[in-house]
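Q: Right, I'll just put the structure down here and ask away after.
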Amino acid sequence: MSVEFKDYYKILGVTRSASQDDISKAFKKLARKHHPDLNPGDASAEAKFKEAGEAYEVLKDPEKRKLYDQLGPNWQQGQNFQPPPGFEGMRFRQAGGQGGFAGDGFSDFFETLFGGAGGARGGAGFSGGFGGGFQQRPRRGQDAEVTYEIGLEQAYAGGPQSVNIQEHVPGADGYPVMQTRTLKVNIPPGIKDGQKIRLAGQGSPGGAGGEAGDLYLRIKLRPHPDFKVKDDNVVYDLPLAPWEAALGATVRVPTLDGAVEMKIPPGVSSGAKLRVRGKGLGTAGKRGDQMVRIMIHTPKPLSDEERRLWEELAKTSAFLPRA
């Protein structure tokens, strides 16, 4: 998705080499000029007030300003912006959660670069009297979502897991660096593909003392060599010899909860499904089943004696499979 590029220096009317003091003075001048209290009902002034606040939110912060400056000086206002490689999914954790100005909704461009690092969209705001400076209201951090892949046996049994989360944090030089954070997570038994686990307070940090957002783990089931998943049920293909299918047998069948003995009724056909109850996925009391699909395999190659016996059976049997 492309969004409109924002030239924050141009918005504040300063050069890219402007000092922090120059940036602060330029913002205060624009904020006073376009403040909603002095321009009641003027939507244009309100928009410029918010735009100046967004620009100041970035340029007053050395970390955000350095990141923004990486885009280079040749970007043009109104250009369709796509973040450079490495910006995708970037989340920031700020020490103390303190910032400066908070408007009541930053642009898509800001959110694309900084996510929840500055102002949460819709619900941030400012307080304090006009002329007395701006003070942030506490605002909740943004929620985040990551995919967590687990094996089918882990999904069936559930239990505690250590989950490593990759996130960007400010480095010593102010540039974002990748960091691994380990979280302890309890996997509910029987969890299914696509379900989410909510980790309260582990998302992006809030601003001005506000609470952090939540982190959601979206479960992805790793393909299994023996089992397939269909809705709540687990499917296992059971190979049988022709005489086991014809005469019936008792065989050991693996499940996600250990092997079980299963009675195969005489005359079962290939493709028929037998059920082992409660060995699928889903919550306790609502677990699915394991479906055991019969797959009749014929021996090959045949010895001379095996061929003679099959030929004798063919002459003796009255079975007509295509009748």
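The values are calculated or read from the model by the stated rules, or taken from the named source; none is laboratory data. Please read all numbers here as calculations on a predicted model, not as lab measurements. In this analysis, Cβ positions are derived from the backbone assuming ideal geometry, glycine residues included, and neighbour counts consider all displayed protein chains.
Q: Somewhere in segment 42-59, is a residue more than 17 Å from residue 107 (Cα to Cα) and touching a helix residue (DSSP H, G or I) at 6+ places or on another chain (Cβ under 6 Å)?
A: No, that holds for no residue.
Q: Residue by residue through segment 295-308, note down the ones that are surrounded by 12 or more Cβ atoms within 10 Å (Cβ to Cβ) and either outside the structural domain of residue 237 (by TED's automatic domain parsing) or in a helix (DSSP H, G or I) (or both).
A: Selection gives 306 alone.
Q: Within segment 23-34, can you find the residues that are under 22 Å from residue 61 (Cβ atoms) and more than 39 Å from the chain's Cα centre (by Cα)? Spell out how you get there, then give the answer.
A: Residues of segment 23-34 that are under 22 Å from residue 61 (Cβ atoms), as a first pass: 23-32, 34.
Across segment 23-34, the qualifying residues are 25, 26, 28, 29, 30, 32, 34.
Q: So, residue 37, is that one surrounded by fewer than 15 Cβ atoms within 10 Å (Cβ to Cβ), more than 39 Å from the chain's Cα centre (by Cα) and not assigned by TED's automatic domain parsing to the domain that holds residue 172 or not?
A: Details: surrounded by fewer than 15 Cβ atoms within 10 Å (Cβ to Cβ): yes; more than 39 Å from the chain's Cα centre (by Cα): yes; not assigned by TED's automatic domain parsing to the domain that holds residue 172: yes.
Yes: the conditions hold for residue 37.
Q: Further question: Return a yes/no flag: does segment 219-241 have any residue that is of a type in the set (Lys, Arg), at pLDDT 95 or above and outside any strand (DSSP E or B).
A: yes
Q: Can you find, within segment 38-79, the residue that is modelled with the lowest pLDDT among those that are under 22 Å from residue 172 (Cα atoms) and hydrophobic (A, V, I, L, M, F, W, C)?
A: 71
Q: Assuming residue 246 fulfils every condition listed in (1) more than 28 Å from residue 286 (Cα to Cα); (2) surrounded by 15 or more Cβ atoms within 10 Å (Cβ to Cβ); (3) of a type in the set (A, V, I, L, M); (4) modelled with pLDDT under 95 apart from one, which condition is it?
A: (4)
Q: Conditions: (1) more than 24 Å from residue 67 (Cα to Cα); (2) at pLDDT below 95; (3) part of a strand (DSSP E or B). Residue 177 meets all but one. Number of the miss?
A: (1)
Q: Something else about it: What's the total number of residues in segment 185-209 that are part of a strand (DSSP E or B) and in contact with a helix residue (DSSP H, G or I) (Cβ under 7 Å, 6 or more places away or on another chain)?
A: Residues meeting the conditions: 2.
Q: Kindly list the number of the only condition in (1) of a type in the set (Gly, Ala, Ser); (2) modelled with pLDDT of 95 or more; (3) exposed (fewer than 14 other Cβ atoms within 10 Å of the Cβ) that fails for residue 317.
A: Condition (2) is where residue 317 drops out.
Q: Every residue in segment 207-229 that is more than 20 Å from the chain's Cα centre (by Cα) and over 20 Å from residue 154 (Cβ atoms), please.
A: Selection gives 207, 208, 209, 210, 211.
Q: Could you identify the single residue in 286, 263 that is assigned to a loop (DSSP other than H, G, I, E, B) and surrounded by fewer than 18 Cβ atoms within 10 Å (Cβ to Cβ)?
A: 286
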